[in-house]
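Presented below is the structure to which this report refers.
The values are calculated or read from the model by the stated rules, or taken from the named source; none is laboratory data. None of the values given here were measured: they were computed from a predicted structure. All Cβ positions, glycine included, derive from the backbone under ideal geometry; neighbour counts span all protein chains shown. Surface areas here come from the heavy atoms of the whole protein model, side chains and all, with no ligands, DNA or RNA. Shrake-Rupley method; radii C 1.70, N 1.55, O 1.52, S 1.80 Å.
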Protein chains: 2
Amino acid sequence: MSLRDEAVDISVDGHGIEGTLVLPERSSESGPAVLFVHGWGGNQEQYLARARAVAGLGCVCLTFDLRGHQRTRTQYDAVTREQNLSDVVAAYDLLARRPGVDGSRIALVGSSYGAYLGAIATSLRPVRWLSLRAPAIYKDAEWDRPKRELHRDPDFIEFRLRTHRPSENRALQACADFRGDVLIVESCDDRIVPHAVVASYVAALTNARSLTYRAIEGADHGLSAEQWKQAYGVLVMTWLAEMLAGASAPMAETAHAGARQPAES
Amino acid sequence: MSLRDEAVDISVDGHGIEGTLVLPERSSESGPAVLFVHGWGGNQEQYLARARAVAGLGCVCLTFDLRGHQRTRTQYDAVTREQNLSDVVAAYDLLARRPGVDGSRIALVGSSYGAYLGAIATSLRPVRWLSLRAPAIYKDAEWDRPKRELHRDPDFIEFRLRTHRPSENRALQACADFRGDVLIVESCDDRIVPHAVVASYVAALTNARSLTYRAIEGADHGLSAEQWKQAYGVLVMTWLAEMLAGASAPMAETAHAGARQPAES
């Protein structure tokens, strides 16, 4: 399939952030789309190869730079979660409004801080498929404090070693309310997002339509070795292919109708 | 691959229950095995076609009749969970001791009451892969009361409409302690095992090595339509094939090592 990249300028809060659309050749029918959200300290480039692979499945893909990164690097120390969440929503809106994109078939694929923001974004925009790799977590408090400063909390490390419930955390609550399909990928040797955080996300997803949780043996947080990057790529591609194959019908509102009369079993 | 069935008599508590081994043609090396546990009111026959399909993947398979069913049908009203759990363990032991079976690569595949017993059995015997379809749940109390009578509890229906935590329930606690790979399959229109029960199992599995949760749209508890049986069959086969492919190495004890020093993310 022939693909085409297109640079886009995403307007948010009177600023512009840079993004790249990867466009598959497609018939006139509208189809699925995938939004990639990079982690803290990352950039859209890291997801571009993956976006091209996913576009090969027939999806319009968008990668972009969160504020505080790349062209807006000067905001690195000052940018807040609220601002970066606005970035995700602005990127989503650009993608969803793109001709050829079916707004009911949008996937969000995020890593670390980008997975945290992506989880919250599902409470603001319709997301059908959600992929969270090594999802980070932060306390809800001091929402508008610069993101960089959140790490100064003396309880920051211990907070991530405890499990948390949806009622205590905005990202987990968004997961608890999420009714689409979810992929969660953990790095088994992650010193930044320990297992307790991933376990809290998995346990929160009690209303997901499906859940695929996989851990990459030996991998560190940033997937520094090529084999770990490849393993993650295979997981995302396999999962998306399964999801797209089952997505010809609109998502049933009554997925878990919860019949009231259990009998014998 | 040529397969061979072999009838076996499983000795438990001085009784004999009937089982069927399905044996693949195999080299002299030992390989994986799968134990199938039917639901209340079912029998080994229901899993025989599936066992033959799974044996085609190179697994020694065993199906059997729980006490109170088929030849021991006269015990239907009197059999207890403790007795049926002993049946599962006896069947497991017969399978694990079979020449050609690698005791570190045993899967347990259960439905409904059989999934409930199977979950508990993981606390008694080493199980690497656990598949639970529409897993039932019961209160721990009155453990030795005949299984049939548990349904007389006036809170029985409401109990299954609430979510439960591992500390409250033996099957959920076994899931919380389980460190292998898990498949959970829900029927979306299940009037016997409502979504709250499945959600409790999913939420309990915080230490699983991987988790695959899928729901079959429109399906009832017993998968009465052929298309639902087929959908379940595809899920089990796809999952097992993935698990067997990744199982050449022994399972890492340190899957979730829980590093103590999260840094920035």
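Points to keep in mind about this one:
- Residue within the range A:221-239 that is facing another protein chain (nearest Cβ under 8 Å), modelled with pLDDT of 95 or more and more than 24 Å from B:S200 (Cβ to Cβ) present: yes
- When the criteria are applied in full, A:R170 fails the requirement of being in contact (Cβ under 8 Å) with a residue 60 or more places away in the chain and charged (D, E, K, R).
- Residues (within 14 Å of chain B (Cβ to nearest Cβ) and open to solvent by less than 30 Å² (accessible area, probe 1.4 Å)) located in the range A:240-250: A:M243, A:A247
- Of the residues examined, B:V34 is one that is under 13 Å from the mean Cα position of the chain (by Cα) and not polar (S, T, N, Q).
- Among the residues examined, A:Q75 does not qualify as over 25 Å from A:W129 (Cβ atoms) and modelled with pLDDT of 95 or more.
- Helices (runs of 4 or more DSSP H) fully within the range A:43-126 counting 3 or more residues that are open to solvent by 10 Å² or more (accessible area, probe 1.4 Å) and in contact with an Asp or Glu (Cβ under 8 Å, 6 or more places away or on another chain): A:81-97
- Check on A:P135, crowded, with 16+ Cβ neighbours inside 10 Å, in contact with a Phe, Trp or Tyr (Cβ under 8 Å, 6 or more places away or on another chain) and not small (G, A, S): yes
- Considering only residues in the range A:142-178 that are at the interface with chain B (Cβ under 9 Å from one of its Cβ atoms) and open to solvent by 70 Å² or more (accessible area, probe 1.4 Å), the one that is nearest to A:L130 (Cα to Cα) turns out to be A:T163.
- Failed criterion for A:I17 (all others in (1) farther than 26 Å from A:D140 by Cα; (2) over 16 Å from the mean Cα position of the chain (by Cα); (3) buried (at least 20 other Cβ atoms within 10 Å of the Cβ) hold): (1)
- The number of residues in the range B:156-195 being in a helix (DSSP H, G or I) and in contact with a Gly (Cβ under 7 Å, 6 or more places away or on another chain) comes to 1.
- Positions within the range B:29-42 being open to solvent by less than 20 Å² (accessible area, probe 1.4 Å) and farther than 14 Å from B:G222 by Cα, in sequence order: B:G31, B:P32, B:A33, B:V34, B:L35, B:F36, B:V37
- Meets criteria (more than 23 Å from B:L108 (Cβ to Cβ) and out of contact with any Ser or Thr (no Cβ under 6 Å at 6 or more places or on another chain)) for B:R148: yes
- The range B:179-213: number of residues that are under 20 Å from B:G39 (Cβ atoms), more than 8 Å from chain A (Cβ to nearest Cβ) and surrounded by fewer than 22 Cβ atoms within 10 Å (Cβ to Cβ): 0
- Evaluated against (1) closer than 30 Å to B:E149 by Cα; (2) in contact with a strand residue (DSSP E or B) (Cβ under 8 Å, 6 or more places away or on another chain), B:S11 falls short on exactly one condition, (2).
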